[in-house]
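The values are calculated or read from the model by the stated rules, or taken from the named source; none is laboratory data. All of these numbers come straight from a predicted model, not from anything done at the bench. All Cβ positions, even for glycine, are placed from backbone atoms using ideal geometry, and neighbour counts span all protein chains on display. Heads up: the accessible areas ignore ligands, DNA and RNA and are worked out on the full protein's heavy atoms, side chains in. Shrake-Rupley method; radii C 1.70, N 1.55, O 1.52, S 1.80 Å.
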Amino acid sequence: MGSSPSTIPSTPAPTPAGIDQCPRRVCLQYLKSLHLNRQYFNRRYNKCYCPIHYESSGPNILTVAGSDFTVPIGWSLFAIHVDKGFATNNKIFRNWYTTFYGTSHDKLDDIIHNRFIPFPGDDLLSGKKFVVNLPDQRHIYTSPSINYASLEHVCPINKVTINNVSYDFQVVLQCKQNPTHIKKIGSNKPNICPHLPSTTIQWKTDQRASVVPISLLIRAKKSENI
Ligand SMILES: [Zn+2]
């Protein structure tokens, strides 16, 4: 409420995303249109990784708990409140890996409300079942790469018109993940991520309560047509 949108330079450089200024405001409008509970979010840690707000000389990769993950360059980050007791007891910000979970906008409320990434078939607090369209229904799949996590088969495009401009939106949850019981496997899609090896880009776990969403990442690209 009364949030002051980032000041946008009057002549920003064009970006590869096809948005000629910081997409933060558009992403925020999209987020509002999803009608998620505002109490989920912690604006204190919001961040924008657009070319205006994230310097091109900045790193592409960061390391936490000895594990590399991609900086979500080009995405807008909306921080999620994490249960303090759980975070402290498990030292998740120091000892857990950072991973990404691609999903669709219609699943966000159920996932964030759940506080952990659910398993396929889980009964949700909303009364629905959690549906994931992957052949393997016994694991949660994540990736240390935002590029891999945002592949469209798990992270579909949502076309939305805002201020008469059509955008392709995608949503990914940045997570803290318990390092135990992670199986790292390769992908049959080579060269998806220029920063992390494709031989270990897909992670899966069968551990409950081991993947905690800490941020919602939104990417807006101007639609190619219409
Ligand atoms: Zn920005």
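Observations on the model:
- Residue count, the range 41-78 (criterion: among the polar types (S, T, N, Q) and without any contact (Cβ under 8 Å) to a residue 24 or more places away in the chain): 3
- Residue under evaluation Lys32, criteria (1) farther than 20 Å from Cys175 by Cα; (2) surrounded by 14 or more Cβ atoms within 10 Å (Cβ to Cβ), criterion not met: (2)
- Strands (runs of 3 or more DSSP E) enclosed by the range 121-211 - at least 1 residues per element that are under 18 Å from the mean Cα position of the chain (by Cα) and surrounded by 15 or more Cβ atoms within 10 Å (Cβ to Cβ): 140-142, 158-162, 165-177, 202-205
- The single condition among (1) open to solvent by less than 70 Å² (accessible area, probe 1.4 Å); (2) under 15 Å from Cys175 (Cβ atoms) that Phe93 does not satisfy is (1).
- His81 out of contact with any strand residue (DSSP E or B) (no Cβ under 6 Å at 6 or more places or on another chain), at pLDDT 95 or above and within 13 Å of the ligand (Cβ to nearest atom): no
- Scanning the range 43-58 for residues that are over 15 Å from the mean Cα position of the chain (by Cα) and either more than 11 Å from the ligand (Cβ to nearest atom) or open to solvent by less than 30 Å² (accessible area, probe 1.4 Å) (or both) yields Arg43, Arg44, Glu55, Ser56, Ser57, Gly58.
- Looking at Val172, Val160, Val154, just one residue is closer than 27 Å to Cys193 by Cα and without any contact (Cβ under 8 Å) to a residue 60 or more places away in the chain, and that residue is Val154.
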